[in-house]
């Protein structure tokens with residue numbers, strides 16, 4: 001799976 | 001990315017740039033709480049530890065650099081700039097902000113999503129951001145008068161967090177298993193802290209009078 005970005009918010 | 005989050009990030013960006021511009025232009029930090037600015041610098045320093053390890057997008061990295069750079073610049077201006085620091089009212093800005101850091105760190109050590117250094121520091125930054133405005137709100141109440149730039153700064157900060165709440169609602173309904181209770185609760189608490197400020201801000205704007213916070 002794509003490397004799910006847990007922390008994509010600033 | 002959704003419109004609420006983009007608007008939130010832009011509002012947040014505007015808040016720090018308004019403040020930095022004010023301090024740089026008029027060479028004064030009257031009415032600005034250094035304590036709040038130090039807390040914000042710490043929030044960004046502990047939240048963006050992953051800036052070198054996790055590349056998410058150019059936007060994400062650029063915004064993190066701007067937030068880190070602007071918050072530390074504001075602290076530098078107030079503490080070290082030979083003209084600006086003279087306008088810092090340290091006798092009024094007396095909130096003991098380490099009393100905010102300690103409970104936030106303790107809470108982060110007990111309530112987090114996973115017990116790793118980065119995750120605990122990230123959680124600490126969320127809790128700290130929720131209360132970081134308190135020294136500034138206390139200072140505004142003490143000095144009673146609010147020059148419109150400091151008022152705008154606090155207003156924009158509250159608006160950014162309010163927009164993020166809409167962003168979380170949007171993502172909850174559009175992305176499966178997008179659930180982040182810690183982020184949501186900390187964000188709602190932070191927004192509520194601004195609620196009374198918003199009330200007085202709109203009252204003064206509506207009656208076109210100088211913003212006066214109750215003692």
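Throughout, read-outs are computed from the coordinates displayed, never taken from laboratory work. Because the structure is a prediction, the values reported are computed rather than measured. Reconstructed Cβ throughout: ideal geometry from the backbone, glycine too, with neighbour counts over all protein chains shown.
For the protein assembly as shown, how big is Rg over Rh, using alpha carbon atoms and the Kirkwood form of Rh? Each step should come with its number before you reach the end.
Working: Rg = 17.6 Å, Rh = 18.3 Å.
Here Rg/Rh amounts to 0.96.
Could you tell me, in Å, what Rg and Dmax come out for the Cα atoms of region B:71-180?
Over region B:71-180's Cα set, Rg and Dmax evaluate to 17.4, 53 Å.
Can you give the percent of C-alpha pairs in chain B whose distance is more than 29 Å?
Here the long-distance tail beyond 29 Å is 24 percent of all Cα pairs in chain B.
Pick out which of B:140, B:192, B:42 has the largest mean-square fluctuation in a Gaussian network model of chain B, springs linking Cα atoms closer than 10 Å.
B:192
So if I take the alpha carbon set of region B:12-89, get Rg, then get Rh from the Kirkwood formula, what is the Rg over Rh ratio?
1.03
Please list, in order, the residues from region B:1-35 whose amide nitrogen is less than 17 Å from a point placed 7 Å along the Cα→Cβ vector of residue B:87.
In region B:1-35, the label zone of residue B:87 (backbone N under 17 Å from the point 7 Å along Cα→Cβ) covers B:16-35.
For region B:54-86, list residues with backbone N below 19 Å from a point placed 7 Å from the Cα of residue B:175 toward its Cβ?
What the label zone holds, given the 19 Å backbone N cut-off, is B:54-64.
So how far apart, in nm, are the two label points at residue B:111 and residue B:3 if each is 7 Å from Cα heading toward Cβ?
3.3
Can you compute the helix-only [θ] at 222 nm over chain B? Use -39500 (n - 2.57) per DSSP H run of at least 4 residues, normalise by all residues, nearest 500 deg cm²/dmol.
Details: 8 runs with 152 residues, N = 215.
It lands at -24000 deg cm²/dmol.
When N is the residue count of region B:55-122, what does its C-alpha Rg come to as a fraction of 2.2 N^0.38 Å?
1.53
In peptide B:54-64, what is the residue-averaged number of other protein chain Cβ atoms found within 10 Å of each Cβ?
Mean partner-chain Cβ count within 10 Å for B:54-64: 2.
Does region B:166-215 come out rounded, prolate or oblate, given a ≥ b ≥ c as the square roots of the eigenvalues of its C-alpha gyration tensor, rounded meaning a/c under 1.5 and, failing that, prolate meaning a/b above b/c? Before the final figure, lay out each step's value.
Values: a/c = 8.06, a/b = 2.65, b/c = 3.04.
Oblate shape, in that a/c is at least 1.5 and b/c is the bigger or equal ratio.
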